[in-house]
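As structure tokens, the structure follows; a few thoughts come after it.
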Amino acid sequence: MRDSSSTVADGLMAAIPIALGYFPIAFAFGVAATGHGMSGIEAFGLSLIIYAGAAQFLTLALITSGAPLLVSAFTLIAMNLRHVLYGPSLMKRAGPHARRRWSWVWAFGLTDEVFGAALGQLARGRRFSEPFMFGLAMVAYASWLSGTALGAWAGGGALKSWPAVEAGLGFMLPALFLSLLLSILSRAQLPAIVVAVLATVGVTLVWSGTAGILAGMIAGALTGLAPRKAADAR
Amino acid sequence: MRAEILTLALMVGAFTWAFRVLPTRADLSAMPEGGLLSRFLAATGPAAIATLFTASVLPMVQGGMPLPLAGGTVAVLAVFAATRSVVAATLAGSIAYGALFALT
């Protein structure tokens, strides 16, 4: 394995593509949040505290729909449950002697994209280090916060004069979900994906969007418990 | 900041922090690869993302598949196939959607 340096600066450099992608999505969130009646502080607070794009956009929908606090919290927490898998996967790749003393700081930034970028760097020979992870996570977080702040400052009506830009930013979230889905797509997970899609559509049509999201996640995850052939498990 | 929004953010933020941080401390590598919990956790991520994609697209497809949505989706698929980059595919899909929206 190539023994590449793994300093904070290396992490900062590795995070640049993520930062470029995060900024417009966070901007769209800031615009959407103020468009849904939130203040700039509230929009920024959600990014600062939750720091999970999909959950934040769904927060807007849940708050607007008047969903009860506990239902909203459970839905959003369930949505972020997938992050449980990232730490063990990353540390397994990092090796048994990898330090994790400061993971309580840098691992808060272990988003889908940061996790993917870190794994990619390790796969290409980068040595794991906490300073590297800190740099990687910090730039992505800073990009997310600054994009949110600028979007919130621009305001909900900021893009009314540019409907095509507004439409494009509105599609950013579905595009992000589809891209993330493609990035983790495997034959073994196809049943969970199909069941999740069907349950979401069915329950949304007969009940509500919030119920559809819960049903999709739970039904899809439970599909993982079904016995499968050895070849499919790979 | 309204109290209910702050409360919601703190609850979700605390769990998100725990989901991201605590597993880096725990040694889950001993978990049997084909075990129930392992399979449930493995299916949770894809199921969540598939659900979110479906939920975000459903309002757009009611009444048919509009051209911007079709074009944006194709752009995501094509760019991801070419680059394997989540960021590039997301941006390409968004740009294609906006461009087709302007043309139609």
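The values are calculated or read from the model by the stated rules, or taken from the named source; none is laboratory data. Everything numeric in this text was worked out from a predicted model, so none of it was measured. Using ideal geometry, Cβ is built from the backbone for each residue, glycine included, and neighbour counts are taken over all protein chains shown. For the accessible areas, the whole protein counts, side chains as well, though only heavy atoms, and no ligand, DNA or RNA atoms are used. Shrake-Rupley method; radii C 1.70, N 1.55, O 1.52, S 1.80 Å.
Pairing chain A with chain B buries about 6500 Å² of accessible area. This figure sums both sides and uses a 1.4 Å probe.
Place a +1 charge on the Cβ of each Lys and Arg in chain A and a -1 charge on the Cβ of each Asp and Glu, then give the dipole magnitude about the Cα centre in debye, rounded to the nearest 20.
Working: 15 positive and 8 negative charges, 185 e Å.
It comes to approximately 880 debye.
The candidates A:172, A:13, B:60, arranged from most to least accessible area with a 1.4 Å probe in the full protein assembly, appear as A:13, B:60, A:172. Legend: calculated FRET efficiency, residue A:105 to residue A:185, from the Cβ-Cβ distance at R0 = 30 Å, rounded to 0.05, equals 0.40. Remark: spin-label model distance residue A:150-residue A:74 equals 4.0 nm, labels positioned 7 Å along the Cα→Cβ axis.
Between residue A:126 and any residue 5 or more places off or on another chain, the built amide H atoms are never under 5 Å apart.
Could you give the accessible area per residue of the range A:78-234, probe 1.4 Å, as a whole number in Å²? Write down the numbers at each step before the final one.
Numbers: 7040 Å² over 157 residues.
Heavy-atom accessible area per residue stands at 45 Å².
Shape analysis of the range A:96-142 places it in the oblate category; the axes a ≥ b ≥ c from the Cα gyration tensor give an a/c of at least 1.5, with a/b not above b/c.
Counting other C-beta atoms within 10 Å, and keeping those with at most 16, which DSSP coil trypsin sites (Lys or Arg not before Pro) do you find in the range A:98-171?
Values: sites: A:99, A:100, A:101, A:124, A:126, A:127, A:160; in loops: A:99, A:100, A:101, A:124, A:127, A:160.
Passing sites in the range A:98-171 are A:99, A:101, A:124, A:160.
Solvent-accessible surface (1.4 Å probe) assigned to residue A:194 amounts to roughly 80 Å².
Potential lengthening of the chain between residue A:119 and residue A:160 amounts to 10.8 nm, from the contour at 0.36 nm per residue minus the alpha-carbon distance.
If I take R0 = 45 Å and measure r between the Cβ atoms of residue B:18 and residue B:62 in this structure, what FRET efficiency does the formula 1/(1 + (r/R0)^6) give, to the nearest 0.05? Each step should come with its number before you reach the end.
On the way: r = 37 Å, r/R0 = 0.82.
Calculated value: 0.75.
Rounded, prolate or oblate for the range A:8-184? Axes are the square roots of the Cα gyration tensor eigenvalues, ordered a ≥ b ≥ c, and the cut-off for rounded is a/c under 1.5. Verdict is prolate for the range A:8-184.
On the basis of the beta-carbon distance and an R0 of 45 Å, residue A:65 and residue A:7 show a calculated FRET efficiency of 0.45. Taking every protein chain into account, the 1.4 Å probe leaves residue B:57 with about 20 Å² of accessible area, to the nearest ten. Could you report the accessible area of residue A:206 in Å², rounded to 10, computed with a 1.4 Å probe on the protein chains as they sit in the structure? Rounded to the nearest 10, the figure is 120 Å².
Local charge for residue A:83 was computed over the other residues whose Cβ lies under 13 Å away, with Lys and Arg +1 and Asp and Glu -1, and equals 0. Take every pair of alpha-carbon atoms less than 8 Å apart whose residues are at least six positions apart; their mean separation over the length of the range A:8-184 yields a relative contact order of 47 percent. When the charge dipole of the protein assembly as shown is built from unit charges on Cβ atoms (+1 for Lys and Arg, -1 for Asp and Glu) and taken about the Cα centre, the candidate among B:70, A:145, A:114 whose Cα reaches farthest toward its positive end is A:114. Quick check: Cα centre of the range A:12-72 to Cα centre of the range A:180-198, how many Å? First find each Cα centre; the distance between them is then 25 Å.
Counting only protein heavy atoms and a 1.4 Å probe, tell me what percentage of chain A's accessible area is made up of carbon and sulfur. Here carbon and sulfur together make up 71 percent of the probe-accessible area. Seen from residue A:130, the other residues with C-beta closer than 10 Å to its C-beta sum to a net charge of +3, counting Lys and Arg as +1 and Asp and Glu as -1. All alpha carbon pair distances within the protein assembly as shown were sorted into 20 Å bins beginning at 0; the resulting P(r) in whole percents reads 31, 62, 8.
Counting only C-alpha contacts under 8 Å and six or more residues apart, can you give the relative contact order of chain B as a whole percent?
Details: 45 pairs, mean separation 18.8, N = 104.
So the answer I get is 18 percent.
Scanning chain A for chymotrypsin sites (Phe, Trp or Tyr not before Pro) that sit in a DSSP loop and have at most 15 other Cβ atoms within 10 Å, the longest stretch containing none of them is A:103-206. For the range A:75-91, 3J(HN,Hα) computed residue by residue from phi via the Karplus equation (6.51, -1.76, 1.60; θ = phi - 60°) reads 4, 5, 5, 4, 4, 8, 4, 4, 5, 4, 7, 5, x, x, 5, 5, 5 Hz, glycine and proline entered as x.
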